[in-house]
1. For the chain, what's the relative contact order in percent, using C-alpha pairs closer than 8 Å and at least 6 residues apart?
2. Apply the Karplus curve 6.51 cos²θ - 1.76 cosθ + 1.60, θ = phi - 60°, to the phi angles in the range 158-170 and return the couplings in whole Hz, x for Gly and Pro.
3. Determine how many Å³ per residue the convex hull of the Cα atoms of the range 71-226 encloses.
4. Can you tell me what share of the DSSP beta bridges in the chain is antiparallel? A percent to the nearest 5 is fine.
5. Relative to the longest principal axis of the C-alpha atoms of the chain, give the angle of the C-alpha long axis of helix 14-24, reported between 0 and 90° and rounded to the nearest 10°.
6. At 0.692 mPa s and 37 °C, plugging the Kirkwood radius over alpha-carbon pairs of the chain into Stokes-Einstein gives what diffusion coefficient in µm²/s?
7. If I model the range 4-88 as equal point scatterers sitting on the Cα atoms and use the Debye formula, what is log10 I(q)/I(0) at q = 0.11, 0.15, 0.21 Å⁻¹?
8. Working only with C-alpha atoms, what are the Rg and Dmax values of the range 211-281, expressed in angstrom?
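Computed from the coordinates by the stated procedures, all read-outs in this text should not be read as laboratory data. None of the values given here were measured: they were computed from a predicted structure. Cβ placement follows ideal geometry from the backbone for every residue including glycine, while neighbour counts extend to all protein chains displayed.
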Amino acid sequence: MRFSLVVATLGRSAELEQLLESLDRQIHRDFEVIVVDQNTDGRLLPILRAFENRLDLRRVESVPGLSRARNVGLRVITGDAVCFPDDDCWYPEDVLSRVDQLFRDNPEWQGIIGDSVDTTGWPTLPWRDRPGKVTRPMSWRRAISYAIFLRSSVLREIGGFDEALGLGAGTPWGSGEDNDLVLRSLRAGCYVQYDPNVHIYHPRLFPVFDESGWAKRYRYALGDGKLLQKHPMPLWWRLLFFAVPVGRAMWSLVRLNRKEAYFHWLTFKGRVKGLRSARELGCGEAGFLGENEPSTHSALLTRNNDIT
């Protein structure tokens, strides 16, 4: 199986080099790396030149916006399966060979979601799930872009990322584009499997409870609220969706951890506001990459086959 790795990057150099080094160590070698460069200063060119004879590497350019950039990359993929490594994650050497074998052994699977772990191998997400078929509730816990592997045929059917969601979208909703992709896959009848033995290394998402962590959590929560408007869930799930961060905030106050309590309160507040703003703005499907439908938000579609 041939993999297409779409890497949207902005403002990072050393981290991207670490990712490319990990890809150069892959046991499974049938893959291409499409680096979607959102920088304007050429900072990546020396790094990419160092790998052009070691990896099947292509650089394309995009205006800023994570979902926008990934959709630009999706237009030039040639692989049988697609994944979306973050520019600050890195792969164990056996991850592509493991996913390749899983797809070969299970031809009915259209997607696989792995586990995000930190440098110690400890999961970076707070939830624990057993291996199995991804359901809609599980997707909200497990769908994180750099751990998602989808057959290319799925993306041809459902389209690419919603460009109204995610970092740099120019909307209030700073997350949710990855979960939206999986939820649309499930809605289309695709079978997606969660396998915690597929590990992707990534720094912890919220390492400390400070102003930057609060701001990031709030942006993510706004995206969660928008996503709930787009993909309605059962009543019991919605109650938990809003009640859990309130409960966590109260428990943090009991333990006299005000910074952590504020973090969870922002989660609740952001989810409520995200849901309300989504309804007020009346946003629906936006920016999908259909097979014959160019993304309406991507203004710069330069395709560079060479690293220049």
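1. Values: 605 pairs, mean separation 69.1, N = 308.
This gives 22 percent for the chain.
2. Karplus values, whole Hz, x for Gly and Pro: 9, x, x, 7, 6, 6, 7, 10, x, 4, x, 6, x.
3. Details: hull volume 18.6 nm³, N = 156.
Taking the convex hull of the Cα positions in the range 71-226, it is 119 Å³ per residue.
4. Working: 13 of 34 bridges.
Percent antiparallel among DSSP bridges in the chain is about 40.
5. Value to nearest ten degrees: 60.
6. On the way: Rh = 19.8 Å.
After rounding, the answer is 165 µm²/s.
7. Evaluating at q = 0.11, 0.15, 0.21 Å⁻¹ gives log10 I(q)/I(0) of -0.25, -0.47, -0.96.
8. 12.4, 39
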